[in-house]
1. Going by the conditions given, is Val284 of a type outside the set (Ser, Thr, Tyr) and in contact with a Ser or Thr (Cβ under 9 Å, 6 or more places away or on another chain)?
2. Could you check, for region 292-313, whether at least one of its residues is in a loop (DSSP other than H, G, I, E, B), surrounded by 17 or more Cβ atoms within 10 Å (Cβ to Cβ), more than 15 Å from the chain's Cα centre (by Cα) and free of Cβ contacts under 8 Å to residues at least 60 places away in the same chain?
3. Among Glu351, Glu339, which is the only one that is under 17 Å from Pro114 (Cα atoms) and touching a His at 6+ places or on another chain (Cβ under 8 Å)?
4. Inside region 314-337, can you point out the residues that are surrounded by fewer than 15 Cβ atoms within 10 Å (Cβ to Cβ) and under 25 Å from Pro20 (Cβ atoms)?
5. If you go through region 309-340, how many residues are out of contact with any Asp or Glu (no Cβ under 7 Å at 6 or more places or on another chain), charged (D, E, K, R) and at pLDDT 90 or above?
6. For region 240-273, which residues satisfy the criterion of being in contact (Cβ under 8 Å) with a residue 60 or more places away in the chain and among the acidic types (Asp, Glu)?
7. I'd like the full set of residues that are more than 15 Å from Ile331 (Cα to Cα) and over 20 Å from the mean Cα position of the chain (by Cα), limited to region 352-364.
8. Look at Asp231 and say whether it is out of contact with any Phe, Trp or Tyr (no Cβ under 7 Å at 6 or more places or on another chain), at positive phi and not hydrophobic (A, V, I, L, M, F, W, C).
Amino acid sequence: MQNERWDYLLGRFYDKTCTPQEREELMEALRNAIPGEPNDMLLDDLMAKHTVDVTLEPADAEEIYQRIKPTIPVKRNMRWWAAAAILLIAGSAVYFLLPEKQQPAQTAKIDVAPGTNKAILTLADGSQVALDSTGSQVLLQGKTAISQQGGELVYNAKEELEPVYNTLSTPKGGQFKITLPDNSVVWLNAASSIRFPTVFIGNERSVEVRGEAYFEVSHDAAKPFKVRLYDNTEVKVLGTHFNVNAYQDEESIQTSLLEGKVEVTQGMEKVTLRPGQQARGIIVRDLSTMEKTQVIAWKNGVFHFEQKDLAEVMRQLSRWYNVDVIYKGAIPRRTFGGELSRSLYLSDIVEVMQVMKVNVRIEEGNKLVVMP
């Protein structure tokens, strides 16, 4: 990439005026930067001329550099990777771009690996099958063939007189993808489950979800697709892309529509969503461009913490890393911004938060302790 393009993209990023396409171009360029691109003179100029929201003291910048230094690929320009990380943290508080498959920080005595593709499939007879990212198998259940390849499950069902029900459940620290008998695709986030029939019979397709799931529903006007959640909430669609967040420790059920049209019913009340809208319960609001990206960030392997408070950030970390969050004293009032890869070890995230003056540490027994 030409230095002029680096200058333009980084300037737009720091000024918070870049489009989603420009931001993605910058992120991709950072991941694939080669030695000498951009040159040191441009890096110095960028650091000097762009106004940022958070000013890092030299000692803090050096601390970040020393922490990420062991993880920088030897084939990359070390100065560029360090500068990019420092610039991005300074510009958006928690942008922390490291190579995706990290090892635990060398100085960490206690660490927690990120979540992986893993789930439990409960069949109609109550038997359970453990699934993980290395699995490759075909299960037969009546006339239904269930194929697993890595972190994905695919149902291939022939017409049956009566459906039977299966449940796919992810633990804390797990996620999984499933293709339902009608070819609709569902991604399950950590600590979530979906109950579904092995074949859809009749005039509707109905599933039950707990936790968080992203749906790409196959179109069938004759058979509306329904997602039943807790609290007597139901989402009805014909064919669309949407996300439901129905964790019971969140303030409300959130249904976010990206494509198509859905109806959200709660008890006797009903609302209709257009693309780019979200229902919290049955209260409808328009999503910003950033929020649309944020809604499905987890599916794309990213934590998107923009405008999130500490309690919500900790709930996400608790589910993905399977840790118990303990607050010693009142929950600090902090609002975050930016992204972190979900492939990072927990110690990497803790180090970034500590640089941001959040007093947090990992303790034995999978505990994440937050102190005033």
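1. yes
2. no
3. Glu339
4. Of everything in region 314-337, just one residue is surrounded by fewer than 15 Cβ atoms within 10 Å (Cβ to Cβ) and under 25 Å from Pro20 (Cβ atoms), namely Thr335.
5. Number of matching residues: 5.
6. Within region 240-273, Asp249, Glu250 qualify.
7. Matches in region 352-364: Gln354, Val355, Met356, Ile362, Glu363, Glu364.
8. So Asp231 passes the test.
The values are calculated or read from the model by the stated rules, or taken from the named source; none is laboratory data. Since the model is a prediction, treat every value here as computed from it, not as a measurement. In this analysis, Cβ positions are derived from the backbone assuming ideal geometry, glycine residues included, and neighbour counts consider all displayed protein chains.
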